[in-house]
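Remarks on the structure that follows.
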Amino acid sequence: MMSFLKRWLITTVAVWVAANIVPGITFTRPGLFLGALVLGLLNAFVRPVVVVLSLPLLIFTLGLFMLVINALLLWSVGSILKDFHVDGFVPAFWGSLIISLTSLLLNSVTRSGSSRLEVHAGKPPGRHPPDDDGGPVIDV
């Protein structure tokens, strides 16, 4: 239950950030919380089906079509709820991009979800260069 609440809160903050940056996404206070909940439900149940159905297009575009899928899901939230409105595809596209980036950042900070964004200064942990014996080195 705590994991669900954390994800819902992160999605709510991400939607709030997107709505404040992108013109064309508007909501009321209850619409924000309901919009984040509906977006989470669509991402959990509808998105996997759409991803499987559009797999050839995802492969052809090297995954960039996922941005279109995310935009369509956000746009559909705006059409489902009356207290959450998305003006069209372009605001939905930019809003979904901001929601994705904000969620990635917040999930990394709170160490929740499956996505991680880590920055390492210097050598990566656990890897050390081989001793230099004068021969060619291939570091993979």
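The values are calculated or read from the model by the stated rules, or taken from the named source; none is laboratory data. Owing to the predicted nature of the structure, the values given are computational and were not obtained by experimental measurement. Note: ideal-geometry Cβ built from the backbone for every residue, glycine included; neighbour counts use all protein chains shown.
The numbered conditions (1) surrounded by 13 or more Cβ atoms within 10 Å (Cβ to Cβ); (2) modelled with pLDDT under 95 are all true for residue 46 except (2). Looking at 21, 59, which is the one that is in contact with a helix residue (DSSP H, G or I) (Cβ under 7 Å, 6 or more places away or on another chain) and hydrophobic (A, V, I, L, M, F, W, C)? The unique qualifying residue is 21.
For region 30-49, the set of residues classified as under 14 Å from the mean Cα position of the chain (by Cα) and either outside any helix (DSSP H, G or I) or in contact (Cβ under 8 Å) with a residue 12 or more places away in the chain (or both) consists of 36, 39, 40, 42, 43, 47, listed by residue number. In region 1-29, the residues that are over 17 Å from residue 91 (Cα atoms) form no Cβ pair under 7 Å with any partner that is modelled with pLDDT of 95 or more and among the charged types (D, E, K, R), whether six or more places apart or across chains. Among helices (runs of 4 or more DSSP H) entirely within region 50-119, having at least 2 residues that are touching a residue at least 40 places away in the same chain (Cβ under 8 Å) singles out 65-80, 89-110.
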